[in-house]
Amino acid sequence: MFELHHLSAHEQWDWLRRGEVTPRELADHYLARIERLDPQVRAFVTVTPDAARSRADELAAAGRSAAPLWGLPLADKDLYDRAGVPTRSGSRLTASTPAARDGEIAAVLSEAGAVSLGKTSTPEYGLTGYTEPLAGPVTRNPWGLGTGVELGAGGSSGGAAAAVAAGLLPFAPGSDGGGSIRIPAAANGLVGLKPSRGRVPAQSGLSSLGGLSVGGPIARTVADAALLLDAMVSPDGRPPRVDTALRAPDSPDGAWLGSAVRGEGRHQLGVLTASPWDDAYDVRVDPRLLAVLSETVDLLVTMGHGVEEASLPASRYPQLFRTLWQAGAAGIPAETDDDFARLEPMTAWLVRRGREIGARELGATLAGLTEFERSVVRAFDRFDAVVTPSLALLPQPLGWYDAADPERAFEQQCLVSPFTSFVNVAGLPAITLPVGEVDGLPAGVQLIGRPGREDVLLSIGAQLERRLRWQRRHPSVW
């Protein structure tokens, strides 16, 4: 039986424009699914039905507009403020006081015409690649429901990805400082796009230490990801507002949606199976995931793309990134012993270690990572995109990450997702695509692009999507 969530976000947008569905009807449909199914998935930390319905009615009363997301439902990652809703950041340390005003990305999404249904779950302060906060909710991967094994949804945008995979949202905004869009998107069988540093004005990465964390979309289709990215970049359809001197290069093709819909071009691709973590840890990519990568590369060749081997430059990346990740946690507002007792062991470890780092060490770390960035951009320059596995391991059971030993949990994250964080350091765009399945679980590949060339990633993604039709694959809860 047909239901509204069977439509892609792009199709829903078309129905809204033609008046075949109203913003209120669409919001009610998803709110009913959240009420019925989220007790199993636990993707949401807060649901705001009254505010969502009021917002949908307000949009309908004002009449259909050219706003790029007019009437489309989504939800905010619980690291960012939405007026009237608490921002808990996945932590027992944060108060439940409602935010006084919208944060910058929430304001952008509202200006674009979206209807927020609530807040999606995230690990404590978004610091880990798994969404199992002690403050709750612990998010389940929809692909594991009914199998007898509760699987993790990845992180830190784990709630957002699980909600999209389960059909509780058509798409969702996420943020990515080391893989936090791509890890959960890959684990949940979705498209996840990390834009270039400076691409999304409201979440450019320029305000974070090392320029790591940027905002981007999580969606079921390439076109849906492009639709949300367009709105995040330009909520009013005009040229993006620029309030810094640094920004990502513009696409030569204009709006990202056009590239995703056309899916044109033949490109020179590199294939990379080594990671910068290989010298620090015993990284072993699951042979079944390597087989998915090989099959995808073969398909790309048959589609007319050129392929050759890619490699990474030698570096001190593991030591440098580890120092930066610790330093980035130093500002978390924990001052007293009681504060630290409320933090999870991983967070407390990062905060304490981050506060031990002196200015000289931090300066040397930032300089070293800047040189790493330049060396990666140079190494990849001969390719239009570089293809890697999205993850090295399939989704792991809940509780697999060591809750007591932060050092071990950090290592485990590197073993699962060794191909993501270096892309943040390099400031490059990257997309994960759900090209296959292994034993009924999603398996993806990652494409890493040149600076500012999200259009190439979307075009290649659209070509693969037409062949593989992954948008027709859903978990049983769908």
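The values are calculated or read from the model by the stated rules, or taken from the named source; none is laboratory data. Predicted, not measured: the structure shown is a model, and the values here were computed from it. A quick note on method: Cβ atoms are made from the backbone with ideal geometry, for glycine too, and the neighbour counts reach across all protein chains shown. These area figures cover heavy atoms from the full protein model, side chains too; ligands, DNA and RNA do not enter into them. Shrake-Rupley method; radii C 1.70, N 1.55, O 1.52, S 1.80 Å.
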I'd like to compare 378-385, 410-417, 9-16, 223-230: which one has the highest average count of other Cβ atoms within 10 Å, and what's the full order after that?
223-230, 410-417, 9-16, 378-385
The equivalent-ellipsoid semi-axes of the chain, taken as the square roots of five times the Cα gyration tensor eigenvalues and listed largest first in whole Å, are 30, 27, 22
In Å, what Kirkwood hydrodynamic radius results for the range 373-422 from the alpha-carbon pair distances?
13.0
Over the range 330-412, give the accessible area per residue in Å² for a 1.4 Å probe, as an integer.
49
Treating only the Cβ atoms of Lys and Arg (+1) and Asp and Glu (-1) as charged, compute the dipole magnitude of the chain about its Cα centre; round to the nearest 20 debye.
560
Would you mind getting the accessible area per residue of the range 81-125, heavy atoms of the protein chains only, 1.4 Å probe, in Å²?
35
Round to a whole number: what % of the accessible area of the range 1-112 belongs to carbon and sulfur, probe 1.4 Å?
51
At R0 = 51 Å, FRET efficiency that the Cβ-Cβ distance of Ser96 and Glu356 yields, to 0.05
0.95
Under DSSP H, which helices of the chain have Cα atoms covering 24 Å or more of the helix axis and a Kyte-Doolittle average no less than 1.6?
none
Round to a whole angstrom and tell me the spacing of the C-alpha centers of the range 307-361 and the range 101-128.
25
The chain: relative contact order as a whole-number percent, Cα under 8 Å and 6+ apart:
17
Part-to-part distance (alpha-carbon centres) for the range 193-246 and the range 415-456, which is given in Å:
16
For the peptides 391-400, 40-49, 280-289, what is the packing order when you average, over each peptide's residues, the other Cβ atoms within 10 Å and list the highest mean first?
40-49, 391-400, 280-289
Once you keep just the Cα pairs under 8 angstrom separated by 6 or more residues, what percentage relative contact order results for the range 1-111?
22
What does the highest-first list of 420-429, 298-307 look like by mean Cβ count within 10 Å?
420-429, 298-307
Can you pull the percent of the range 389-478's accessible area that's carbon plus sulfur, 1.4 Å probe, other chains left in place?
46
Towards the positive end of the charge dipole of the chain, with charges on Cβ (+1 Lys, Arg; -1 Asp, Glu), say which of Val283, Tyr317, Pro170 has the farthest Cα.
Pro170
Taking 8 Å as the Cα distance limit and 6 or more residues as the minimum spacing, I'd like the relative contact order of the range 255-348 as a percentage.
36
Roll a 1.4 Å probe over the protein chains and send me the accessible area per residue for the range 414-473 in Å².
24
Given the protein chains as shown and a 1.4 Å probe, how many square angstrom of Leu134 are accessible, to the nearest 10?
110
Ser375 to Ser54: extension gain in nm, 0.36 nm per residue of separation minus the Cα-Cα distance?
110.5 nm
On a full-extension model of 0.36 nm per residue, what is the gain between Arg18 and Asp279, subtracting their alpha-carbon distance, rounded to one decimal in nm?
88.4 nm
Filter the trypsin sites (Lys or Arg not before Pro) in the range 400-478 to those in DSSP coil with at most 10 other Cβ atoms within 10 Å of their Cβ, and list the result.
Arg469
For the range 374-478, with the dipole built from +1 on Lys and Arg beta-carbon atoms and -1 on Asp and Glu ones, taken about the Cα centre, which of Leu391, Ala462, Ala443 lies farthest toward the positive end?
Ala462
Find the percent of Cα-Cα distances in the range 1-95 that exceed 17 Å, and round it to a whole number.
56
Roughly what % antiparallel, to the nearest 5, for the DSSP beta bridges in the chain?
70
